[in-house]
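Single-structure report; data block below.
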Amino acid sequence: MGRKILIADDEKEIVELIEIYLLKEKFEVIKAYDGFTAWKLIEESGSDLAVIDIMMPGMDGFQLVRRIREKYHIPVIVLSAKNTKNDIILGLGLGADDYVTKPFDPLELTARIQSQIRRFYLLNQAIPQEKKRIITSGDITLDLECCVIKKCGKELSFTSTEFKILSMLMQQIGRVFTKKQIFERVWEDPYNSDDSTIMVHMSNIREKIEDDPKNPYYIKTVRGLGYKFEGRSDSKGR
């Protein structure tokens, strides 16, 4: 079997539908119909990626995403009928890597799962050998080979999407990336002009690496264009 995928949704028909498509792609599927069972399965059996519904009994999806992020770095895709912009921003803000709204196309969901798996687990193999290095700017260190980010020597907790964004910016310090470039390189999907997803992830990254996220030292917004990582040769901790 391939990578292990957790599907957590209180609608059994949806779980079974997703399972059919994932089994065709040689994934191993573990199933849960409430948040507590999903968390227990992750703790006991492990999971390479989780697809999580929001409206579940006991522990809801938002609580489950938060708990996963406190301990694990696995990709998380939220699958929910809650489709307002605030719901999507909240899900991504808690650490989800992607947000798919119901009703959904199971083929599209499968493609998104494959994309997250490829991006997260094959990232090291995708980096050319000459680029496998440690990038340091100010107090921030990014290890492309180990997929680790540290600030002042302390390891930070990053989702796979956040790591991909920051590594792209830090590999070309000073270059301005448009929102379209960021979205298409990181999500590997056509840009749909919805800036909220990128903005939430940028906000999350700033919260983790900046001393004052509202007055960022590293990640600068270039009005009307996009974002850039501003290189620092000094160490603010001195």
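Just so you know, all these numbers are worked out from the coordinates, no wet-lab data involved. Bear in mind the structure is a predicted one, so any value in this text is a computation, not a measurement. All Cβ positions, glycine included, derive from the backbone under ideal geometry; neighbour counts span all protein chains shown.
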**Request:** Over the stretch 1-119, calculate the relative contact order: mean separation of alpha carbon pairs under 8 Å at least 6 apart, over the residue count, as a percent.
**Result:** 24
**Message:** Compute the helix-to-body angle for 196-209: its Cα long axis versus the longest principal axis of the chain, expressed 0 to 90° and rounded to tens.
**Reply:** 60
**Asked** In what sequence, highest mean first, do 14-20, 109-115 appear when ranked by Cβ atoms within 10 angstrom?
**Response** 109-115, 14-20
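Counting only DSSP beta bridges with both residues in the chain, what percent are antiparallel, rounded to the nearest 5?
Details: 16 of 33 bridges.
Antiparallel: roughly 50 percent of the beta bridges in the chain.
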**Complete:** Given Cβ charges of +1 for Lys and Arg and -1 for Asp and Glu, the option among V176, T161, V78 whose Cα lies farthest towards the positive end of the dipole of the chain is V176
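Indicate the gyration tensor shape class of the stretch 1-113 (rounded, prolate or oblate), computed on the Cα atoms with a ≥ b ≥ c the square roots of the eigenvalues: a/c under 1.5 is rounded; otherwise a/b larger than b/c is prolate and the rest oblate. Walk me through the numbers before you get to the answer.
Numbers: a/c = 1.43, a/b = 1.13, b/c = 1.27.
Note, shape of the stretch 1-113 comes out rounded.
Quickly rank 160-170, 219-229 as a protection proxy: mean count of other C-beta atoms within 10 Å, highest first. Present the calculation step by step, with values, prior to reporting the outcome.
Details: 160-170: 22.2, 219-229: 15.6.
Taking the mean over residues of other Cβ atoms within 10 Å, the ranking is 160-170, 219-229.
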**Fill in**
Here the net charge surrounding R67, from other residues whose Cβ is less than 13 Å away from its Cβ (Lys, Arg +1; Asp, Glu -1), is +1
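Could you give the size of the charge dipole of the stretch 28-155 about its Cα centre, using +1 on the Cβ of each K and R and -1 on the Cβ of each D and E, expressed in debye and rounded to the nearest 20?
320
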**Request:** Answer with one residue from I149, T110, Y121: the one whose Cα lies farthest towards the positive end of the charge dipole of the stretch 82-233, charges on Cβ with Lys, Arg +1 and Asp, Glu -1.
**Result:** I149
**Length-normalised contact order for the chain - Cα pairs under 8 Å, 6+ apart - percent** = 14
**Asked** Which residues' amide hydrogens lie under 5 Å from the amide hydrogen of V51, considering only partners 5 or more residues apart or on another chain, with H built in the peptide plane?
**Response** L6, I7, A8, I77
**Asked** Arranged from highest to lowest average of other beta-carbon atoms within 10 Å per residue, in what order do the peptides 44-50, 173-179, 191-197 appear?
**Response** 44-50, 173-179, 191-197
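By how many nm would the segment from E207 to L17 lengthen if fully extended, with 0.36 nm per residue of separation less the alpha-carbon distance? Mind dumping the intermediate values first?
Numbers: separation 190, 0.36 × 190 = 68.40 nm, distance 3.74 nm.
Once the chain is fully extended between E207 and L17, it gains 64.7 nm.
Give, rounded to the nearest 20 debye, the magnitude of the charge dipole that the chain has about its Cα centre when Lys and Arg contribute +1 at Cβ and Asp and Glu contribute -1 at Cβ. Intermediate values should be presented prior to the final figure.
Details: 37 positive and 37 negative charges, 232 e Å.
Dipole of the chain, to the nearest 20 debye: 1120 debye.
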**Prompt:** Between G2 and residues 5 or more places away or on another chain, which pairs have amide H atoms under 5 Å apart, with H built 1.01 Å from N, and which residues are they?
**Reply:** F27, E28
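Note down the magnitude of the dipole of the stretch 1-52 about its Cα centre, charges +1 on Lys and Arg C-beta and -1 on Asp and Glu C-beta and zero elsewhere, to the nearest 20 debye.
That gives the stretch 1-52 a dipole magnitude of about 260 debye.
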